[in-house]
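Novice: Pasting a structure below so you can have a look.
The values are calculated or read from the model by the stated rules, or taken from the named source; none is laboratory data. From a predicted model like this one, the values you see are computed outputs, not experimental measurements. With ideal geometry, Cβ positions are generated from the backbone for all residues, glycine too; neighbour counts draw on all protein chains shown.
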Amino acid sequence: MIEQPKMVKIYDIIDETPNVKTFFFEYAGQYEPGQFIMVWVPLNDEKPFTISYIDGNVAGITVLKRGEFTKTLHTKKKGDQIGIRGPYGMGYGLPENNAATCIVGGGIGMASIACLADMQKNTTIIQGARTMPELLFQHRFREMKLCTDDGSFGYRGTTVDLLRELTGQHNYKKIYACGPEKMLYKIFELCNERHIDCEVSIERYIKCGFGICGQCDCSGQRICIDGPVFNAEALGKMPDFGKTAITKSGRRVSF
Amino acid sequence: MIEQPKMVKIYDIIDETPNVKTFFFEYAGQYEPGQFIMVWVPLNDEKPFTISYIDGNVAGITVLKRGEFTKTLHTKKKGDQIGIRGPYGMGYGLPENNAATCIVGGGIGMASIACLADMQKNTTIIQGARTMPELLFQHRFREMKLCTDDGSFGYRGTTVDLLRELTGQHNYKKIYACGPEKMLYKIFELCNERHIDCEVSIERYIKCGFGICGQCDCSGQRICIDGPVFNAEALGKMPDFGKTAITKSGRRVSF
Amino acid sequence: MTEVTLSINLCSMRLSNPTVLASGILGTTKTLLKRVAESGAGAVTIKSVSKDSREGHHNPTVITYEAGMLNAVGYSNPGVEAARIEYSNLNEIGVPVIASIIGTCTDDFIEVAEGLSASGFSAIEIPLSCPHTPGFGLLSGQGTPKATYEITYAVRRKTNVPIFVKISPNVPEITSIAKAAEDAGANGITAVNSMGPGMVINIESKKPVLGFKVGGVTGDALRPIAVRCVYDVYQAVKIPIIGVGGISTGRHAIEMMMAGASAVGIGTGVYTRGINVFSKVCAEMKQWMIENGYNTINELVGVAHD
Amino acid sequence: MTEVTLSINLCSMRLSNPTVLASGILGTTKTLLKRVAESGAGAVTIKSVSKDSREGHHNPTVITYEAGMLNAVGYSNPGVEAARIEYSNLNEIGVPVIASIIGTCTDDFIEVAEGLSASGFSAIEIPLSCPHTPGFGLLSGQGTPKATYEITYAVRRKTNVPIFVKISPNVPEITSIAKAAEDAGANGITAVNSMGPGMVINIESKKPVLGFKVGGVTGDALRPIAVRCVYDVYQAVKIPIIGVGGISTGRHAIEMMMAGASAVGIGTGVYTRGINVFSKVCAEMKQWMIENGYNTINELVGVAHD
Ligand SMILES: Cc1cc2nc3c(=O)[nH]c(=O)nc-3n(C[C@H](O)[C@H](O)[C@H](O)COP(=O)(O)OP(=O)(O)OC[C@H]3O[C@@H](n4cnc5c(N)ncnc54)[C@H](O)[C@@H]3O)c2cc1C
Ligand SMILES: Cc1cc2nc3c(=O)[nH]c(=O)nc-3n(C[C@H](O)[C@H](O)[C@H](O)COP(=O)(O)OP(=O)(O)OC[C@H]3O[C@@H](n4cnc5c(N)ncnc54)[C@H](O)[C@@H]3O)c2cc1C
Ligand SMILES: Cc1cc2nc3c(=O)[nH]c(=O)nc-3n(C[C@H](O)[C@H](O)[C@H](O)COP(=O)(O)O)c2cc1C
Ligand SMILES: Cc1cc2nc3c(=O)[nH]c(=O)nc-3n(C[C@H](O)[C@H](O)[C@H](O)COP(=O)(O)O)c2cc1C
Ligand code: FES
Ligand code: FES
């Protein structure tokens, strides 16, 4: 694990959508799908991103422009440097015996499940986005089931609606999901109802990334080190899941 | 290596002579003959002593009552604790192919060469003391050649005189010596003259024991870490050997 | 063999063992306090609370290095009103909970102390010693005997729960500050806060790593300094000391107690040995006590002074 | 590719590289200074010399611990007369030799400076910052701006060689002390001396390990504090800085120089990496410079401030 930020050179950038870019850099560390790294822009800030591509000594992060820091990241050009440390956290557990699974990504949550999808043969990928231009990785995963809120492409409706239909038809042994917490919560409920195992990756505000500052709490679980991926059993003991989160200043807010 | 003093219980004490005692304690560390440990009496002081016995998990130091600290050590009883750290320094190199050697101990210098003598079959041990009651380890090494300055026992004369005679008769491949520096210097000269390899253990005032404080200098060599054992080649480049030493306060004094 | 016990009485608080979660580590929510209590801590301290909410410094706010950790979180906290709601029904935690209150002026301290007074905190800790947050602690002159006296005295008049004043290792007159706190009515001293500040520069980018550039140094680097501070303070005051700084093993805890601490705070140790550092330290202390013939942990307090 | 050079000019001294043997480490004899020069140091500093000879504290005087080292040698030295004899014909060392002079009062400093004036020292260092020797440094009030000014000024009037004032990391007003030294005519600042003091207790014997009980903390534990001190001093004064504290690798040295040091002192590193730490650090610096496109080491000084 890299403890202090290590500067790496961005050697390629892909524009995934108007608001999402993927940055590639050299990375020789360990990595399990679902883990994240802290990305540092000196004198600016440092925030968490999942590794969304990994291939040999190259890794990538896929970044949605959301606020100040991600806007700054989007100005970075090939050859610029960023600092990285990590990887941190507990990733997704792979299914046993290549059992059938379904992987659900909502919005930029696709970044978190992308490497997981790369590693599975017998899986269905569902991607949800608000509208067609926001759909990600359509060349990377050719067989995705796509949903848009506005019906501009694919299934009209939420990923949860589609997942409900598909779980009726297939015998999924496990559901993986990353995306807005309301979506995750509904998937968790669905899985409980249908007695399917599930693992979801949760987002909370991250500062240290290694379990000391207490910023990323969700019901006594530290997202950064006990998570970000939790299974159904753990989620069942986390009443704050889907309900409340802690802001940067430590205030508890509802979803 | 033990970096900070570790308290060990004295479980046996032998009165070797009226002024010399051997203290035994549990010791599980590494050790090469010629290395030394720092012995700590809390709130009092800490000084260097060679390990003079080693057998399984038991080690011993043989201490001559000389001043304040060794006087304090001599008051220690069975069951009392002392602190030890180390071992430090470079010990004696063993001869190749069990070649014939001669080991010379002068006074308390016997403590330094005792374990070396234990490890060699084909060796002659010469011990020198001022007078008979000061002779050490007579039961431990039954075949020693003993010399006393006053002729009260054994050979009348110095160890160097005896060594000169013996080197004429035997084909020693190596001479080892520890004792007063004047004696060591004469042995070094004798060995050079006769083209015999030699290793001698030098004494200087020791503070840190690990090469940082500069207290134990002899011609740019730190006795504590570059020595205390040096061979003829190294000694040849140490003009201070046999000539000057540095006191506790850093003053250079002549022998 | 008689039973070995780690339990202590600390200013009318009963602790099952002398390990205390230090302020600013995992104390952001009630649920994390509970988790730490379940991980074996004898008492827990909340992250420091100010009158108004604060976002703190930019990230990185905490980084590790070879000999410890640097942090400049910048006192992010939701402010006293939100904190009152977060830290309610504290008896559910199962161990004593210590409030940590901060302010930029004496009135702030009073307002925060009063705001939290109905929450069931077992004690109040007043850190006057943060080395990296403008407006607070050392950066606002709170680390002097005079300011220490004033702030402690003001809070003392408003509360009956035990007060601990948390002091800095960076001041030349540490004992006069501890004495000022005692004179003003503090029931205990927490020694020490993080030291420095220090700086780590990333040489490839040529920039300080921490968002605030500098941050307090904690962990192994701090331990010998903290032990000396506790040793000095123990000779200067009669009130008990919570010794904090670099403790991550039972041996460290015993060393700190021998220097004069009645209890030990643990922060960076949560990183180096995981959240169960509390139960690990306790198990190691017990083991050592058994091997060395001690029955109660109190017997160790201050023995290095004999 | 152009040749990479580590050579620097430091207050009219020409150094083949910026590593300097710190005072008190191996500087007890001329022969050891020579050995260190042969081990690659760009300059060497002698162990501090006082007017009269001193035996120093009882052993243990130096101990290591997980994050560095503690020492309380207690300024053992043979006194200025004997030192004058020991350190003669200094041109034989092959690199600049810096005298380190200490005193319990201003007159002492003058007497020592004058006693050594004919010996061919390239500079004089005045440590006003030792945290563990009664009568000297912090324990005799020399670590204030006023005392710093007075002592520096008095020595300045007696000598023409460059003067470096060595300051402590333990003082709140480090920049005012550096400025006082500059105002009094110092040509450079050496930052920093050991910090604390700290204490290590052996728990089995229940006693502090060091003979003097407490000692200055050095090595990794000190590095971030030292880097911050150099960073602050660099902004406060115009004279060059020798950055000292926890340097044992080329990366550490570069970090210190980026903070503002023109040269780097090495002490504890002699233990952690052996006496060849100087050439190792230089090789590592060179390697990094080649990889990162620097030709001269000067380019790195203070760049973390941009
Ligand atoms: C484990 C984890 C993995 C993530 N992976 C990705 C990823 O692969 N791609 C991606 O685009 N985004 C990812 N994120 C979210 C990403 O960290 C935020 O989008 C980013 O920090 C926003 O910063 P900003 O300054 O641009 O926005 P801001 O304006 O500061 O905030 C916008 C929103 O982003 C979130 N956010 C801001 N700062 C943080 C922070 N330090 N930690 C967590 N959330 C924050 C908050 O919900 C906030 O409301 C991940 C978050 C977590 C916790
Ligand atoms: C590597 C080494 C191994 C040694 N092994 C033994 C041993 O096995 N048995 C033994 O009896 N002695 C040994 N000595 C010598 C022993 O350290 C001294 O006799 C002892 O320190 C004297 O301390 P004191 O307070 O009793 O005497 P003091 O009155 O302090 O001094 C008497 C003399 O002892 C020497 N001495 C004192 N302190 C030290 C010190 N810190 N380091 C080195 N020499 C010192 C000085 O020459 C001094 O003149 C060894 C010394 C060295 C350097
Ligand atoms: C990440 C972090 C945050 C901290 N926040 C606070 C704080 O809010 N209030 C406080 O009084 N001390 C704070 N501290 C200081 C700790 O309470 C403690 O005094 C210090 O870390 C030394 O102990 P340690 O070496 O065990 O970490 C913080 C320390 C760290 C590492
Ligand atoms: C054993 C030892 C002895 C020291 N003696 C002196 C001294 O005599 N004079 C002095 O100015 N500094 C002395 N120092 C402080 C060092 O010169 C240096 O400032 C400090 O060790 C920090 O650097 P480091 O971390 O590289 O060791 C001593 C340090 C050590 C470890
Ligand atoms: S981000 Fe600090 S504990 Fe998780
Ligand atoms: S005793 Fe310190 S260098 Fe040898």
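Novice: Give C:Val112, C:Val161 a once-over and let me know the one that is buried (at least 21 other Cβ atoms within 10 Å of the Cβ) and in contact with a Ser or Thr (Cβ under 7 Å, 6 or more places away or on another chain).
Specialist: Numbers: C:Val161 fails: buried (at least 21 other Cβ atoms within 10 Å of the Cβ).
Just one listed residue meets the conditions, C:Val112.
Novice: Listed residues A:Cys178, A:Cys213; which is of a type outside the set (S, T, N, Q) and within 14 Å of ligand 5 (Cβ to nearest atom)?
Specialist: Details: A:Cys178 fails: within 14 Å of ligand 5 (Cβ to nearest atom).
Every option except A:Cys213 fails the conditions.
Novice: What is the one condition in (1) under 30 Å from A:Met7 (Cα atoms); (2) out of contact with any Gly (no Cβ under 8 Å at 6 or more places or on another chain) that C:Tyr271 does not satisfy?
Specialist: (2)
Novice: In this structure, does D:Val244 turn out to be at negative phi, in contact with a strand residue (DSSP E or B) (Cβ under 7 Å, 6 or more places away or on another chain), more than 11 Å from chain C (Cβ to nearest Cβ) and surrounded by 24 or more Cβ atoms within 10 Å (Cβ to Cβ)? Show your work before the answer.
Specialist: Details: at negative phi: yes; in contact with a strand residue (DSSP E or B) (Cβ under 7 Å, 6 or more places away or on another chain): yes; more than 11 Å from chain C (Cβ to nearest Cβ): yes; surrounded by 24 or more Cβ atoms within 10 Å (Cβ to Cβ): yes.
Considered against the rule, which asks whether it is at negative phi, in contact with a strand residue (DSSP E or B) (Cβ under 7 Å, 6 or more places away or on another chain), more than 11 Å from chain C (Cβ to nearest Cβ) and surrounded by 24 or more Cβ atoms within 10 Å (Cβ to Cβ), D:Val244 comes out as yes.
Novice: Then there is this: Which of the residues spanning the stretch C:212-225 are crowded, with 24+ Cβ neighbours inside 10 Å and more than 8 Å from chain D (Cβ to nearest Cβ)?
Specialist: Filtering the stretch C:212-225 down to residues crowded, with 24+ Cβ neighbours inside 10 Å leaves C:215-225.
Within the stretch C:212-225, C:Gly215, C:Gly216, C:Thr218 meet the criteria.
Novice: So which residues in the stretch A:44-70 are more than 6 Å from ligand 1 (Cβ to nearest atom) and either without any contact (Cβ under 8 Å) to a residue 60 or more places away in the chain or β-branched (Val, Ile, Thr) (or both)?
Specialist: Within the stretch A:44-70, A:Asn44, A:Asp45, A:Glu46, A:Ile51, A:Ile54, A:Asp55, A:Gly56, A:Asn57, A:Val58, A:Ala59, A:Gly60, A:Lys65 meet the criteria.
Novice: Filter the strands (runs of 3 or more DSSP E) completely within the stretch B:145-238 down to those with at least 2 residues that are of a type outside the set (A, V, I, L, M, F, W, C).
Specialist: Numbers: elements: B:145-148, B:174-178, B:197-201, B:229-231.
Answer list for the stretch B:145-238: B:145-148, B:174-178, B:197-201.
Novice: What number of residues within the stretch D:201-237 satisfy the criterion of being closer than 29 Å to B:Glu46 by Cβ and within 16 Å of the chain's Cα centre (by Cα)?
Specialist: Final tally of qualifying residues: 9.
Novice: Is it the case that C:Asn17 is out of contact with any Cys (no Cβ under 6 Å at 6 or more places or on another chain), more than 10 Å from ligand 3 (Cβ to nearest atom) and among the polar types (S, T, N, Q)? Spell out how you get there, then give the answer.
Specialist: Working: out of contact with any Cys (no Cβ under 6 Å at 6 or more places or on another chain): no; more than 10 Å from ligand 3 (Cβ to nearest atom): yes; among the polar types (S, T, N, Q): yes.
No.
Novice: Here is a list: D:Leu70, D:Leu90. Which entry is modelled with pLDDT of 95 or more and either among the acidic types (Asp, Glu) or crowded, with 24+ Cβ neighbours inside 10 Å (or both)? Break it down stepwise before answering.
Specialist: Details: D:Leu90 fails: either among the acidic types (Asp, Glu) or crowded, with 24+ Cβ neighbours inside 10 Å (or both).
Step by step, each of D:Leu70, D:Leu90 is checked, and only D:Leu70 is modelled with pLDDT of 95 or more and either among the acidic types (Asp, Glu) or crowded, with 24+ Cβ neighbours inside 10 Å (or both).
Novice: Name the single residue that is farthest from the chain's Cα centre (by Cα) among those in the stretch A:191-215 being surrounded by 20 or more Cβ atoms within 10 Å (Cβ to Cβ) and of a type in the set (Lys, Arg).
Specialist: Looking only at the stretch A:191-215, we keep the residues that are surrounded by 20 or more Cβ atoms within 10 Å (Cβ to Cβ), and these are A:191, A:198-204, A:206-215.
Then keep just the ones that are of a type in the set (Lys, Arg); that gives A:204, A:207.
On the way: A:Arg204: 12, A:Lys207: 17 Å.
By that ranking, first place goes to A:Lys207.
Novice: List pairs: first in the stretch B:18-32 and assigned by the TED database to the domain that holds B:Ser52, second loosely packed, with under 12 Cβ neighbours inside 10 Å, Cβ under 6 Å, 6+ apart or cross-chain?
Specialist: B:Lys21/B:Asp15; B:Phe24/B:Asp12; B:Glu26/B:Asn57; B:Ala28/B:Asn57
Novice: Looking only at strands (runs of 3 or more DSSP E) that fall completely inside the stretch D:1-109, which ones have 1 or more residues that are more than 10 Å from every other protein chain (Cβ to nearest Cβ) and among the aliphatic types (A, V, I, L, M)?
Specialist: Values: elements: D:8-10, D:13-15, D:19-21, D:43-45, D:62-65, D:68-71, D:97-100.
In the stretch D:1-109, the matching strands (runs of 3 or more DSSP E) lie at D:8-10, D:13-15, D:19-21, D:43-45, D:97-100.
Novice: Which condition number in (1) more than 20 Å from the chain's Cα centre (by Cα); (2) in contact (Cβ under 8 Å) with a residue 24 or more places away in the chain; (3) over 26 Å from C:Gly196 (Cβ atoms); (4) part of a helix (DSSP H, G or I) is the one that D:Ala304 fails?
Specialist: All conditions pass for D:Ala304, except number (3).
Novice: Got a sec? Which of B:Glu68, B:Glu3 is modelled with pLDDT under 95 and within 14 Å of chain D (Cβ to nearest Cβ)? First the steps, then the outcome.
Specialist: Working: B:Glu68 fails: modelled with pLDDT under 95.
Selected residue: B:Glu3, the only one of B:Glu68, B:Glu3 that is modelled with pLDDT under 95 and within 14 Å of chain D (Cβ to nearest Cβ).
Novice: Counting only residues that are in contact with a Phe, Trp or Tyr (Cβ under 7 Å, 6 or more places away or on another chain) and closer than 25 Å to D:Asn59 by Cα, which one in the stretch B:222-240 is farthest from ligand 4 (Cβ to nearest atom)?
Specialist: Filtering first and then ranking leaves B:Val229.
Novice: Also: Considering only residues that are in contact with a Gly (Cβ under 9 Å, 6 or more places away or on another chain) and away from ligand 1 (no atom under 12 Å from the Cβ), look in the stretch A:211-223 and name the one that is farthest from A:Gly109 (Cα to Cα).
Specialist: Per the stated criteria, the residue is A:Ile212.
Novice: In addition: On the given criteria, is A:Ala245 surrounded by fewer than 24 Cβ atoms within 10 Å (Cβ to Cβ), within 14 Å of chain C (Cβ to nearest Cβ), away from ligand 4 (no atom under 16 Å from the Cβ) and of a type in the set (Gly, Ala, Ser)?
Specialist: Values: surrounded by fewer than 24 Cβ atoms within 10 Å (Cβ to Cβ): yes; within 14 Å of chain C (Cβ to nearest Cβ): yes; away from ligand 4 (no atom under 16 Å from the Cβ): yes; of a type in the set (Gly, Ala, Ser): yes.
It is true that A:Ala245 is surrounded by fewer than 24 Cβ atoms within 10 Å (Cβ to Cβ), within 14 Å of chain C (Cβ to nearest Cβ), away from ligand 4 (no atom under 16 Å from the Cβ) and of a type in the set (Gly, Ala, Ser).
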